[in-house]
Amino acid sequence: MTKPLAEIQDLYVEARTDSGRKVEIIKGVSFTIQEGEIVALIGESGSGKTTIALTLMGYTRSGCSIAKGKVLLGGEDLVAMSERDRQKLRGTDVAYVPQSAAAAFNPSYRLIDQVVEVVGIHKLMSKNEARLKAIELFRALALPDPEHIGDRYPHQVSGGQLQRLAAAMALIGDPQLVIFDEPTTALDVTTQIEVLRAFKSVMRKRKMAGVYVSHDLAVVAQIADRIIVLKGGEIQEEGSTQRILDSAQHPYTQELLAAFQPAPFVPPQLVETEVSIRRPVLEVTGIYAGYGPLQADGLPLKTVLRNVSCKLERGRNLGVIGESGSGKSTLARVIGGLLPAVRGHVQLNGRELDPRVSGRSKEELRRMQIVFQLADTALNPARSVADILGRPLAFYHGQKGAEQEARVNELLDMVRLPRALRHRMPNELSGGQKQRVNFARALAAKPDIILCDEITSALDTVVAAAIIDLLKDLQQELGLSYVFISHDLATVQSICDEVMVVQHGETVELLTNDQLPDGARHPYSKLLFSSVPKLDTGWLDSLPAHPGNPDR
Amino acid sequence: MPGQITLLVLGRLGVTLLTLLIVSFVVFGATLLLPGDVVEILLGQAATPEAVAGLREAMNLDSPAIVRYVQWLFGLIQGDFGMSYANNMPVADMIGGRLANTLRLAAVTTAIAVPLALFLGITTAMFRGSLYDRIVTTLIVSIISVPEFLIATLAVLVFAVWLRWLPALSLANDVNSFGQLLKVFAMPVITLSCVISAQMIRMTRAAVIEALKMPYVEMALLKGASRTRIVLHHALPNAIGPIANAVALSLSYLLGGVIIVETIFNYPGIAKLMVDAVSTRDLPLIQSCAMIFCFGFLLLITIADVIAILSNPRLRR
Amino acid sequence: MNQTPLLSPRFGLRMNAVGILSGLIVLFWILVAFVGPSFAPHAPGDIVDFDFFGPISSELWLGSDYLGRDIFSRILLGTRYTVGISFAAVCIACFSGVVLGMTAAVIGGWFDMVLSRVLDALNSIPSKLFGLVMVAAIGSSIPVLIVLLAVIYTPGSYRFARALAVNCNTLDFISVARARGEKTIYLISQEILPNITGPVLADFGLRFVFIVLLLSGLSFLGLGVQPPNADWGSLVKENIGGLAFAAPAVIAPCVAIASLTISVNLLIDNLPVKIRDRA
């Protein structure tokens, strides 16, 4: 076997907590990277994957330090090296592509100046040569207008373009090893596909080695030669991509893979009395809404929703799927009365609702509850779980004291949380627990409808799957109807009877569950559905090049 | 987009004018709070009713407050500051030379304090947590925590009483040589510089530290950039707005500072004039001085905000 | 779902030596403000020394002032003015500032715009100048001083509280409460206030220092607390003549002011942090 390009030997990284206590976050990790090989580090948040990847640059984020072990790059130990020597390696021998290129570009400089900065720092070539090389890279990464895109400022190009520009910035110094830190996580699926494809072709052509950090097995399957599965700062399993996908040994890896095959959709059993009359419980017609002052045409300056209509029958679920900026979350705010529509109607059980919260009766408000995406900000950090759940009980149902306490316990049981959690503060809960409390608060009102705005998007795959199961169970028990807003096809597919595809604030298509995903007719729906990565190493290469979506 | 910048700047200037208007209203409103009759205060108890009526007429006191406010405001705009109650002189004449003295003091202080503070603010941010940083920040907290007169007192104790290098009082009128100038200015300038640079160092340091936390700074580090390059090239250009603000706000402490410093060192500036006017309750003089000070303050803040707008890269093309 | 231990995370209170020391000094001055004058060895108005600017002695612990009065006793009494007036003023200023600030953030719209514009304008009058103009117009009795200081520092407190509340107001839990149909008063008192108490208390401390500084400054100019009463600022002014011979009469009140204000500042910087150790 040839000498590896990079090698991590028995690495331990410590983090200092707020009280000065030291905690090991990486516990004895060892692996190698061969020349030209792409190794993926897979794991959920807190698994230490980014921390490990950054040690390959001899860098730890503030508060962390390498306690033990070696990080060898081309035979030299980065841990033992002086900071000055490490600076010489960064950008030339090993380079970094960040998760959010939007934040990693300095807003004060033109893109080209930042892309070629490495060349200037390490005095690799003349400014003019560097510029030509950058343009060549832009072209290789399929960026539009490669000659001039570099003359723009970071805020003037799209997220997908920035991510590719960040890759150009990493590649300009011809590094032997490139570290990709979740480079497509923040992107929409249709954009992700373009970026992935660009990364893959460039890496293949230049035969560079890479470390690809991600939480998404399907994405990694497209680009990596080998996968290392991490959890709690330790390696769980390691093997070639195909081997991991086909015959994962470790239970944790199996769990990750299982989360990719969501439980099949079972139409909810309708309550008998409702079967005969299929009356919509919620009906939205011709909504126009947006932000900013009204213009001469009666629409707001920034109109987000245009003529959106949908309806939801009792005991059924409506999915709203779209990419960022499609206006899907705005729709939830309009229905909930937080953002009054400028035109259109919202009807609840056949009765017209006032566009704004202040004009709706308490009873109307009770029947419809919203659950937001980020449980971190949706729960007041200064109030205990019991207070958070108790308030809607007191507000809508006038329950106090022992009665309220009993009901809070009941709600915690419903969302499968231990009753002891009632005295906890939100920041003492895990992400999944927070989202359950967030959902229990909506249940407390005893609503007919719950608007779920991306409620699983911020959660790790395994946790998200459990939440979806919970939602289904509760629907059976309580006869709820959900409006389920998401960007994720799999989630929507597993729970919704009907799915509305939205783009640029307009309805593109309405599909029933059995039409998903292959029954889509509109080109955008097709593009959207086909862009969802599959757990198949050949998926990306098998796709035809997308027409009509070159620069998102 | 240049249109957008122009609009923002114009909007900012509009806010300044509106603020100035509200300030003038408050400053004028102070006269209305004066207990008793101004004329009786001026003429004393023994004044004849005719004299009182005559003066009332002359001062236009019988017209409603709002009319007097408008007249006063238009007078100010045209440079007519009114007549002093106390010594029956045009306020403008009393202010003239004094204003120049104060501006001279302020200019010398600014010239020393701003470069010093920027240097210390940036370097302490660069070497955050070092011994140097800790010494400077501790000193700053102490300076910020105590009144200006205490710094002045301390300066007198050290330089005039113990070291005997400098005279305790300054009299700007009999300056004949550079050496004398230095001596006259030294004590007020030392005091003022201490006061304003402490604020400036603190805010500059905070602004640079904030900029150093940005992800693009980490990115620069991972490109192999040196610490100096990271601070000077990546953090500073994005901290211009906050730093300009810090400088402007600190210079406004100069206004509070000169009031004390001119009094304690007996420096013949406009602030001393104003403090003296308070003891004689010479309102036209006080109001005029107050408006000059507020105008200076708003001018500084506005300039800082305009710099912040112009330095925002997101508005650039 | 992922399993986390049900044990409550570890709590701890930690405060460093600087924090404890400055806390003790602040406590000391509060105590002196309450009971100090009854421990005064001499009546503050009595002339007890034939010499003026007398030195420190076993009889006169901090020497005598420009009339030969006991400085130690005068400082004990002055504490009551300096601490008392400042405390009353900071309470009024922070209460009105925080209430107005949160209301403006939650209601928004015209109410917020007009209030912010007017208070920002007031804020742009340098505090000492504001003080001078008002004292010139209405004099400087103690109640006037308290109200004046409160009015001068309300806009700053408003601005601070409003900024915090506006940040808080954009968070989803406020949207949830609005969607539930909650009224402004509930949003302010139950959802926003508990989340901004920490910073607001720190601001309270800082503002107290500002007020002590301004009050001392005004008194130093002879425009604050009027004779025969004297706060620490007045004591410095009365005895400034002793500066040339470094008399304790002028140094002692200076030390008193500095010890109080520096301690409050250090106390805020070293507040006991409630530590929640991430397990």
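Of the beta bridges DSSP finds with both residues in the protein assembly as shown, what % are antiparallel, to the nearest 5?
60
Which of the helices in chain A, when you take each full DSSP H run, stretch at least 15 Å along the axis at their Cα atoms and have an average Kyte-Doolittle score of 0.0 or higher?
For chain A, where a helix must reach 15 Å along its axis and average at least 0.0, the hits are A:159-171, A:385-397, A:461-478.
With 20 Å as the limit, write out which pairs from A:3/A:207; A:27/B:223; A:70/B:223; A:446/A:472 have Cα-Cα distances beyond it, or answer none.
Beyond 20 Å: A:27/B:223; A:70/B:223.
Please rank C:204, C:28, fewest neighbouring Cβ atoms within 10 Å first, as an exposure proxy. Display every interim value, and only then the final one.
Numbers: C:204 19, C:28 15.
By the 10 Å Cβ count, ascending: C:28, C:204.
Between residue A:45 and residue A:394, what FRET efficiency comes out of the Förster formula 1/(1 + (r/R0)^6) with R0 = 35 Å and r the beta carbon distance, rounded to 0.05?
0.50
Residues with beta-carbon under 12 Å from that of residue A:526, excluding residue A:526: net charge, scoring Lys, Arg +1 and Asp, Glu -1?
It works out to a net charge of -1.
Any idea how far apart residue B:232 and residue B:25 come out in nm if each label point goes 7 Å out from Cα toward Cβ?
Calculated label separation equals 5.0 nm.
Pairs of alpha-carbon atoms within less than 8 angstrom and 6+ residues apart define the contacts here; what relative contact order does chain C have, in percent?
Values: 390 pairs, mean separation 85.8, N = 279.
With pairs under 8 Å counted, the relative contact order is 31 percent.
So if each residue of separation counts as 0.36 nm, and I subtract the Cα-Cα distance between residue B:51 and residue B:213, what length gain in nm does that give?
51.3 nm
Which length gain, in nm to one decimal place, applies between residue A:311 and residue A:515 when the Cα-Cα distance is subtracted from 0.36 nm times their residue separation?
Difference between extended and current length: 71.6 nm.
If packing is taken as the average number of other Cβ atoms within 10 Å across a peptide's residues, how do A:524-531, B:140-147, A:71-78, A:90-97 rank, most packed first?
Most protected by this proxy first, the peptides run A:90-97, B:140-147, A:524-531, A:71-78.
Within a 10 angstrom radius of the beta carbon, how do B:33, A:451 rank from fewest other beta carbons to most?
Ascending Cβ contact count within 10 Å gives the list B:33, A:451.
Using the crude model of +1 on Lys and Arg Cβ and -1 on Asp and Glu Cβ, and no other charge, please compute the dipole size for chain C relative to its Cα centre, in debye to 20.
1040
Determine the relative contact order of chain A: mean sequence separation of Cα pairs under 8 Å and six or more apart, normalised by residue count, in whole percent.
15
Taking springs between alpha-carbon atoms closer than 10 angstrom, which of B:73, B:221, B:118 fluctuates most in the Gaussian network model of chain B?
Among B:73, B:221, B:118, the largest GNM mean-square fluctuation belongs to B:221.
Would you calculate a helix-derived [θ] at 222 nm for chain B, using -39,500 (n - 2.57) for each DSSP H run of n ≥ 4 and dividing by the full residue count, to the nearest 500?
Per the formula, -25000 deg cm²/dmol.
To make sure I understand, if each residue's beta carbon is the centre and we count other beta carbons within 10 Å, what order do C:61, B:72, C:232, C:29 fall in, fewest to most?
Ranked by crowding around the Cβ, least crowded first: C:61, C:29, B:72, C:232.
When a/c is below 1.5 the answer is rounded, else prolate if a/b is larger than b/c, else oblate, so apply that to the protein assembly as shown with a ≥ b ≥ c taken from the square roots of the Cα gyration tensor eigenvalues.
Prolate, since a/c reaches 1.5 and a/b exceeds b/c.
Obtain the nm distance between the two label points defined at residue B:88 and residue A:129 by a simple spin-label model: each point lies 7 Å from its Cα along the Cα-to-C-beta direction.
Using points 7 Å along Cα→Cβ, the separation is 8.7 nm.
Can you pull the mean other chain C-beta count within 10 Å for peptide C:222-233?
Mean partner shielding for this stretch: 1.
Pull up all non-local amide H partners of residue C:69: gap of 5 or more, or a different chain, and H-to-H distance under 5 Å with H placed in the peptide plane.
So residue C:69 has HN proximity to C:48.
For chain B, what does the alpha-carbon gyration tensor say about shape, rounded, prolate or oblate, given a ≥ b ≥ c as the root eigenvalues, a/c under 1.5 as rounded, and a/b over b/c as prolate?
In terms of gyration-tensor shape, oblate.
Below 8 Å, C-alpha to C-alpha, sequence gap of six or more: please give me the relative contact order for the range A:6-258 in percent.
Values: 470 pairs, mean separation 68.6, N = 253.
Relative contact order here is 27 percent.
Answer with one residue from C:271, C:123, C:113: the one whose Cα lies farthest towards the positive end of the charge dipole of the protein assembly as shown, charges on Cβ with Lys, Arg +1 and Asp, Glu -1.
C:271
Once you average over the residues of A:375-386, how many Cβ atoms of partner chains fall within 10 Å of each Cβ?
Mean partner-chain Cβ count within 10 Å for A:375-386: 5.
Just tell me how shielded B:212-220 is by partners: mean number of partner chain Cβ atoms within 10 Å of each residue's Cβ, no decimals.
The mean count of partner-chain Cβ atoms within 10 Å per residue comes to 6.
Distance in nm between label sites at residue B:299 and residue A:67, each 7 Å beyond Cα in the beta-carbon direction?
6.1
If you place +1 on the Cβ of every Lys and Arg, -1 on the Cβ of every Asp and Glu, and leave all else neutral, what size is the dipole of the range A:6-258 about its Cα centre, to the nearest 20 Debye?
500
Between residue B:78 and residue B:161, take the C-beta separation as r, use R0 = 56 Å, and let me know the FRET efficiency to the nearest 0.05.
Once rounded, the FRET efficiency stands at 0.70.
Provide the FRET efficiency to the nearest 0.05 for the residue A:345-residue A:522 pair, computing r from the beta carbons and using R0 = 30 Å.
For R0 = 30 Å, the calculated efficiency reads 0.75.
A short reminder: the numbers here are calculations on the coordinates, not readings from a lab. Worth saying up front: this structure is predicted, and the values here are computed from it rather than measured. All Cβ positions, even for glycine, are placed from backbone atoms using ideal geometry, and neighbour counts span all protein chains on display.
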